[in-house]
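The structure under discussion appears below in the form of structure tokens.
Taken together, the values in this text are just the output of simple stated rules run on the coordinates, not laboratory data. In this text, all values refer to a predicted model and were calculated from it rather than measured experimentally. Note that each Cβ is placed from the backbone with ideal geometry, even for glycine, and that neighbours are counted across all protein chains shown.
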């Protein structure tokens, strides 16, 4: 049923136009051939052409086809004809292959063609048009050499091939002309000699016709190159349209075909020899078919990649590589076996089939592609006919022009069709944009009522005097009002945008004091400066300066600009300037903040634009600056933004004043600029809390980082009843500085912060602290799974989404702090427990030493027994379960241990004590003795002769450095990594070891053990401890 419906369409829309096109192309070619007056070939027999009778053929192109005389294997000149061996002469058909006239029936060789022409006496200048001589030639008439191409030779090594069509003019000086053409061929194993017709005629006529043919080739070449260039430019604008790139390559290859075939114009422009000209011509024909097929497949949306096409492409690549690398003789073998025709004709036929299928399926404008393909095939078929059977010498451009026009029509129609689609899409998008604006306006309207109700209730509760309300409660209510107002501002922005687009904003302009307006705006935003090292200054040229504006809208303009300046300035200066330039009032808000790149500056006033990624994390809508610009323009003014990345941003507002206004009312005489500064506001730092900081273990130290001061205040209110000590900072950089200054139990960070996000901060923290050493709690308004995964991947311990529930936040904070303290407690208990597990071999060896001394030295035995008792008492002492112990307690344990080991090993163990042992230090229990034991057992005693152990305690400023130095066997980097690894897989037989000690030091001081070692030279293990105040 479907086929019956398609048949009329195929016949009417495809078959009939295609037949008309074919007949038109054939008719045009026949008409073209009649334009060039090519006569019937003259009668040439036995090398003689007699033009003495009749017209003599001088008014048109006379092909010199017929029986010429040929002298194989000899070069004859005009002077040689008198003595020439006529027995060598034989007749040969011109044009034609000389293969059968040469010895051994081969095409390699050389010889001389001879034609005698008899003319009527006259002074008319003649011309000879030569198309193709294979492959080096020399032409002379009556002894005068008129043309020579290449170099003749009797062997392949002696000759240089060159194949260039040419035209020679001459004035006959006699009624008998001896035309001699010497030809050599040692490249083409299949054909040689005069392969195309030679044309004789009037010199002016032949020159004109050849000039027309050459100019047509140049015109077509230029036209194709221009098509290639502009489609390449189109591809550069939109690289997703691969079809334009393929078409550009297709037209470029077609242009190369034009200048490599026929008259070979490329050899006149570039120094290309005969070999590469043959190869280039062969390659360009194959590439033309390839790009045509690739273009067809690209346009046919139903064509998918197939193995057959990939195989064809690979075969073509091999074919091209073979032509490039092989000698020219191999190329002629490929031609002889029709492999070149296969790579040329077959893809064109497939392309035509694809275009026909596109037309059958009624794809837009497929008929033009079909016309272009048919014209290309017509040109290819006639080119093959011309090559095999010969033809007129002039270049025929109409097939190629038809193909170019068809392709151009296809591209233009596609462009205009795409333009119409874009226009329709634009209309639809504008309609949807209006619907979006209406939706946002409706949403803002619905939010406005309950939001203002909440603000009103909070304000009422804050101003109502009740005995139950404390000052802190009132402050909390004011904070609710502040947050509500910020939300209301977002709602107002949405409503203002809707009003601006609907042209429904009416200004109520009046004379306003610029100084008062600026002062009010600063007071509205002063709270944002509380935790930022920013100096806000105002420069007003005239305190009495007035401006004609709508007060509400002017406040809105300045509020948005100053709010942005504070938000994107970490430290430095924000300046608000007001002055007069000409008859305009100029307001300028400048800052030393992060600045913007040039491309961001160009679109900063567009709606929903927020600049770079960090600006987009500010949780705004990106409407503020767009609304500012619209409001300024409603006042008849203008706004200009200037910025440098990393240096700051400035916004200049220029507002007009009514022409009839009195200058005295606008301002008074200028006075010195008034500089108004806000007092420098110190940062919240850990030092501020030093006086009230509890004893270690009494309160958790929490560091909170958020770029929004309001959020920091909210968190403080939420946690004010807890025993935790909060320190707040407003940037991730400040947080990293605070982390290095002291120990912390928890880090709370907002995810969306400028310069460094919470993710980046977590990654930076995890480079120095594990999750057990410092938990991280991230706060964010986004709760998508991908965001949560990103947080955990960055190193966060827990995640809380905004708006934060107070109960949830407190429980999570308590859990994380309890987790960290449990880890700390585990380390202390583990150290005490492991120290209590006296190694059996150490205890037995000590007893054996005591028993041995009892036989000959009772006093030494007594001292050794006392040392063992001291060692045991100190190891089991309950004080080891505390966080810190006096330095003397740890030294007593260390001395008793070393005394026992010295008694056992004698001179193998030498101990030196250096520094001040009476420093007022509180250090972690069991922190020095494990280092000494490790140095003795695994360092010194690994050597047969033993070694020297030094315990050094040195004061350096507000801290002391404790070092255990030995000259034992040392450690490798792998061994250091192994002994510090935590958690350990097993503690069995390893005592406390370095891992536990290192972790406890990091928990207390933020830094663990420092190990400097060299295998075979010894080891130094040290750590720092703060001195007691």
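Observations
- Rg over Rh for region 212-396 works out to 0.96, using Cα positions for both radii and the Kirkwood form for Rh.
- Sorted by Cβ density within 10 Å, fewest first, the residues 268, 626: 268, 626
- Compared with the direct C-alpha span, the chain from residue 309 to residue 155 gains 51.0 nm at full extension, assuming 0.36 nm per residue.
- Its alpha carbons give region 513-600 an Rg and a Dmax of 13.4, 40 Å.
- Taking the centroid of alpha carbons for each part, region 329-368 and region 581-601 are 63 Å apart.
- A Förster radius of 51 Å combined with the Cβ-Cβ distance from residue 242 to residue 169 puts the calculated FRET efficiency at roughly 0.50.
- Stretched out straight at 0.36 nm per residue, the stretch from residue 414 to residue 741 would grow longer than its current Cα-Cα span by 111.0 nm.
- Full-stretch length increase - residue 275, residue 423 - with 0.36 nm per residue and alpha-carbon distance subtracted: 47.9 nm
- Spherically averaged projected area of the convex hull of Cα atoms, region 702-749: 3.0 nm².
- Region 63-137 and region 203-271: distance between their alpha carbon centers, rounded to Å: 36
- For region 155-233, fraction of C-alpha pairs farther apart than 21 Å, in %: 57
- Relative contact order %, region 212-396, counting alpha carbon pairs below 8 Å whose residues are six or more apart: 21
- Cβ-based exposure ranking for 276, 913, in which fewest neighbours within 10 Å come first: 913, 276
- The ranking of 851, 576 by Cβ neighbour count inside 10 Å, starting from the fewest, reads 851, 576.
- Ranked by how many other beta carbons lie within 10 Å on average, peptides 769-775, 473-479 from highest: 769-775, 473-479
- Counted over all Cα-Cα pairs of region 44-196, pairs farther apart than 18 Å make up 56 percent.
- Per residue Cα convex hull volume in Å³ - calculated over region 101-188: 93
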